[in-house]
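The values are calculated or read from the model by the stated rules, or taken from the named source; none is laboratory data. A quick note: this is a predicted structure, and the numbers were derived from the prediction, not measured. All Cβ positions, glycine included, derive from the backbone under ideal geometry; neighbour counts span all protein chains shown.
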Amino acid sequence: MQSVLINLKRLEGNIIPYEYNYYLSIAIYSKLTYYQELVTKLHTKNQEGIHTFSNLISNNSKNAINGLDIEEAFVVLRSIDSSLIDYLRMGISLDSNLRVGDVKYRVISMKEDPVSPNWKKDIKFKSLSPVLVRDFKSKKKFVINGDEVGENLTNVSKWVLENIYKLDETKIEDLKIEIASTKSKTVRISNSKSKESITTAFQLEGSISGSPEAKSILYYKGLGSKTSMGLGCWRVINDR
């Protein structure tokens, strides 16, 4: 498991789409060609994501009529598979440019994230990118009501940890995600005209209690669904 900070500087273009997460995810996938050839395919049907990344974090972001004007920024990227980040470094060393819509950025640096949370304690968290929450009962729908986020996010997380990551039930049963505040945000999850491409996700603040193993997996893979599309990344804001 590993987390890195990727610093970017704009080379060409001006405005990126408001729902830029999808386009940035495609740019990152393009740097993982060797990982997909030699380790495992990514972004396949029904595959649970093994990495997540944040919004573009910047002190000089400006709103424009049809998008965002961001000249410099950094991205937090985490993965439960450290080799994915090694292959990402390789891909960036071969071509350091990332295209987001009509804008081209260059990776200036990629450094290890120095933050190492204490998973033995319950923690408070804040999302660094919107969290897409699946409705646990209907399965195919996503939650659009902020009041329903906590229960569904807890239940979906428990199911994923047990069935995908094969954690023992004793390390899952006490997991609880409590939400203190929500702010809805539209995100792009597809570029296809034949199916829903833009939906509602949430910027969240709250707390997570449970086993160290459960919390660490959720940290490095991200909270919620479609995390590899730049959704569900979060940071610890303080230990309780």
Criterion violated by N238 - all others in (1) part of a strand (DSSP E or B); (2) surrounded by 14 or more Cβ atoms within 10 Å (Cβ to Cβ); (3) of a type in the set (S, T, N, Q) satisfied:
(2)
Scanning for something touching an Asp or Glu at 6+ places or on another chain (Cβ under 8 Å), among the polar types (S, T, N, Q) and assigned to a strand (DSSP E or B), does region 122-129 turn up at least one residue?
yes
Mind counting the residues in region 88-141 that are in contact (Cβ under 8 Å) with a residue 24 or more places away in the chain and either among the acidic types (D, E) or on the phi > 0 side of the Ramachandran plot (or both)?
6
The residue that is farthest from the chain's Cα centre (by Cα), considering only those in region 180-205 that are at pLDDT 90 or above and crowded, with 21+ Cβ neighbours inside 10 Å, is T182
Restricting to region 219-234, count the residues that are within 24 Å of S190 (Cβ to Cβ) and either in contact with a Cys (Cβ under 7 Å, 6 or more places away or on another chain) or in a helix (DSSP H, G or I) (or both).
5
Cβ pairs under 9 Å, 6+ apart, first in region 51-69 and under 26 Å from V236 (Cα atoms), second assigned to a strand (DSSP E or B) and acidic (D, E):
S58/E72; N59/E72; N60/D69; N60/E72; S61/D69
In a helix (DSSP H, G or I) and either over 22 Å from R78 (Cβ atoms) or of a type in the set (A, V, I, L, M) (or both): does that describe N152?
yes
How about region 89-136: which of its residues are buried (at least 19 other Cβ atoms within 10 Å of the Cβ) and among the hydroxyl-bearing types (S, T, Y)?
Y105, S127, S129
Looking for whichever is over 15 Å from the mean Cα position of the chain (by Cα) and at positive phi here; the options are G150, G210. Which one fits?
G210
Requiring at least 2 residues that are in contact with a strand residue (DSSP E or B) (Cβ under 6 Å, 6 or more places away or on another chain), the helices (runs of 4 or more DSSP H) wholly within region 1-111 are 21-29, 82-94
What about T227, is it under 26 Å from L42 (Cα atoms) and either within 20 Å of the chain's Cα centre (by Cα) or of a type in the set (S, T, N, Q) (or both)?
yes
Tell me whether region 228-236 contains one or more residues that are hydroxyl-bearing (S, T, Y) and over 22 Å from F74 (Cα atoms).
no
